[in-house]
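**Q** What follows is a single structure, and I will ask about it in a moment.
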Amino acid sequence: QSKADGKGRVTRFSQDIAERLLAQKSLEADLREAMSLNHLEVHYQSLHDTQTRQVKGFEALLRWKRRGLDFVPPPDFIPVAEKLGLIDEIGEWVLRHACQEALNWPSQLTVAVNISPMQVHSGNIANRVLSILSETGLAPHRLELEITESVLLEAAESTLLTLHQLRQLGVRIALDDFGTGYSSLSYLTTFPFDKIKIDRSFVRNISTRANASSVIEMIVQLSTELGMITTAEGVENEEQLRCLQIMGCSQVQGYLFARPQSAHALLLQAPNAVVARSQPV
Ligand code: C2E
Ligand code: MG
Ligand code: MG
Ligand code: MG
C-alpha cells in the first residue's frame, strides 16, 4: 500500500518536471519567434512631481503579447531572455523604441528604460547607448537608465567604470527597487546615482505600518542629503500620496496616476493634454 503510494508520488513528481520543462521549452521557442514577428511592445507609465502632480516623464515597460494569449509579465520572460542570451538584443530594441518615442513628447519629459544586469556586465552598453542617442537624436539628459542593486553585487570595479561612462554621456542613472533584495546603504555612496526608486513594498504599507514609513523617510532624507532625487513606486491611493508629500519624496509613480499604456494610447491623448490633465483638479 505505502509502496504503491510512494511510486505514484514519484511518477507524479517526474510528470511535473517533464511538464515544466516542456512549458519552458515552448516559452523559449515562443520568445525567439516573438522577436522576429514583432510581438514585443513597449508600454509607458507616467512619473509625476509629488507636490504638483505634473508629469515629469515616462518609464518604458516591455510587454510580450504571446500568440493570442494575454501579456506575459516581464518577470516571467526576462530571465528566459537572459538565459538564452537574447537580453542584449531585446534591451537594445527597447532602448531604441523608447528613445524614438520620447521624441514625440514635449521636450521637458524624460524617458526611463530598465537595463538588465547582464547588459551592464556585457561591457559595451555605453557604446550602444551612445549610438542609439546619436541615431535617434534624443538629448542624453532626457534618458534615464534604471538598474537594480543586483548589478552592484558583481564585478564592482568594471561595473562602476561602466556606470561612470554612461553618466559621462549625460544620461541619468536611477537605482530601481531600492530597499529589496540585497540592499545596502553603502550602494548609495558607492556610486553617484541621480535617482533612487523606493520599492513599492514600502509604499504599500506607508500609511499602516510605522516601520515602512520610517524606512521611506530615512531613504528620502539620506538621498536628498547625497544630492539624489527620490521616486516612490506603486502609489495607488491618495493616502499614500499625502504621506509621500509630507516626507518630501520628489516623484511618484503608480496606478493612482496611470497604468502603463501603449505608445499609441498615450499619443491619442496627446502628450500636452497628458501634462495638462495631470494638474490637481
Ligand atoms: P520595475 O522597473 O520596478 O517597474 C515597475 C513595475 O510596477 C511595473 O511592472 C509596473 O507595471 C508596476 N506598477 C506600476 N505602478 C504600480 C502600482 O501602482 N501597483 C502595482 N501593483 N504595480 C505597479 P511590470 O511592467 O510588470 O514590470 C516588472 C519588472 O520587469 C520591472 O519592474 C522591471 O524590473 C522589469 N522590466 C520591465 N520592462 C523591462 C525591460 O525593458 N528590460 C528589463 N531588463 N527589465 C524590464
Ligand atoms: Mg524600473
Ligand atoms: Mg522598480
Ligand atoms: Mg520592481
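The values are calculated or read from the model by the stated rules, or taken from the named source; none is laboratory data. All figures in this text were calculated on a predicted structure; none of them were measured in a lab. Using ideal geometry, Cβ is built from the backbone for each residue, glycine included, and neighbour counts are taken over all protein chains shown.
**Q** Quick one: is GLY179 within 16 Å of ligand 4 (Cβ to nearest atom), within 18 Å of GLN45 (Cβ to Cβ) and buried (at least 16 other Cβ atoms within 10 Å of the Cβ)?
**A** Details: within 16 Å of ligand 4 (Cβ to nearest atom): yes; within 18 Å of GLN45 (Cβ to Cβ): no; buried (at least 16 other Cβ atoms within 10 Å of the Cβ): yes.
So GLY179 fails the test.
**Q** Got a sec? Which helices (runs of 4 or more DSSP H) wholly within region 90-180 have at least 3 residues that are touching a Gly at 6+ places or on another chain (Cβ under 9 Å) and modelled with pLDDT of 95 or more?
**A** Working: elements: 117-121, 125-136, 150-153, 156-168.
In region 90-180, the matching helices (runs of 4 or more DSSP H) lie at 125-136.
**Q** If you don't mind, another one. Test TRP64 against the stated conditions and say whether it is surrounded by 15 or more Cβ atoms within 10 Å (Cβ to Cβ) and under 22 Å from ARG172 (Cβ atoms).
**A** Values: surrounded by 15 or more Cβ atoms within 10 Å (Cβ to Cβ): yes; under 22 Å from ARG172 (Cβ atoms): no.
Taking the combined requirement at face value, the residue does not satisfy it.
**Q** Please list, ordered by first then second residue, the pairs with beta carbon atoms under 7 Å, 6 or more apart or interchain, first in region 52-75 and closer than 12 Å to VAL42 by Cα, second polar (S, T, N, Q) and within 14 Å of ligand 1 (Cβ to nearest atom).
**A** Between residues of region 52-75 that are closer than 12 Å to VAL42 by Cα and residues that are polar (S, T, N, Q) and within 14 Å of ligand 1 (Cβ to nearest atom), the close pairs are PHE58/GLN45; PHE58/SER46; GLU59/GLN45; GLU59/GLN253; LEU61/GLN45.
**Q** Still on this structure, please answer the following. From ALA156, ALA126, ALA210, grab the single residue that is closer than 26 Å to GLU89 by Cβ and either away from ligand 1 (no atom under 16 Å from the Cβ) or touching an Asp or Glu at 6+ places or on another chain (Cβ under 6 Å) (or both). If you could, list the steps in order and put the result at the bottom.
**A** On the way: ALA156 fails: closer than 26 Å to GLU89 by Cβ; ALA210 fails: closer than 26 Å to GLU89 by Cβ.
Of the residues listed, the single one that is closer than 26 Å to GLU89 by Cβ and either away from ligand 1 (no atom under 16 Å from the Cβ) or touching an Asp or Glu at 6+ places or on another chain (Cβ under 6 Å) (or both) is ALA126.
**Q** Of all residues in region 181-229, which are in a loop (DSSP other than H, G, I, E, B), closer than 17 Å to SER250 by Cα and either of a type in the set (Asp, Glu) or within 14 Å of ligand 3 (Cβ to nearest atom) (or both)?
**A** PHE193, ASP194, ASP199
**Q** Does region 222-238 hold any residues that are of a type in the set (A, V, I, L, M, F, W, C) and either closer than 10 Å to LYS197 by Cα or surrounded by 20 or more Cβ atoms within 10 Å (Cβ to Cβ) (or both), and which are they? Explain how you work it out, then say what you get.
**A** Step one: list which residues in region 222-238 are of a type in the set (A, V, I, L, M, F, W, C), which gives 222, 226, 228-229, 232, 235.
MET228, ILE229, ALA232, VAL235 - these are the residues of region 222-238 that are of a type in the set (A, V, I, L, M, F, W, C) and either closer than 10 Å to LYS197 by Cα or surrounded by 20 or more Cβ atoms within 10 Å (Cβ to Cβ) (or both).
**Q** Residue pairs, Cβ under 7 Å, 6 or more apart or interchain, first in region 227-253 and closer than 17 Å to ASN205 by Cβ, second of a type in the set (Phe, Trp, Tyr) and modelled with pLDDT of 95 or more. List them.
**A** Qualifying pairs under 7 Å: GLU236/TYR255.
**Q** Let me ask something additional. Within region 220-253, how many residues are within 16 Å of ligand 2 (Cβ to nearest atom), among the β-branched types (Val, Ile, Thr) and closer than 22 Å to SER184 by Cβ?
**A** Number satisfying all stated conditions: 3.
**Q** Tell me which of these VAL120 doesn't satisfy, since it passes every other one: (1) surrounded by 19 or more Cβ atoms within 10 Å (Cβ to Cβ); (2) free of Cβ contacts under 8 Å to residues at least 40 places away in the same chain; (3) farther than 17 Å from GLN45 by Cα.
**A** So VAL120 meets the others, but not (2).
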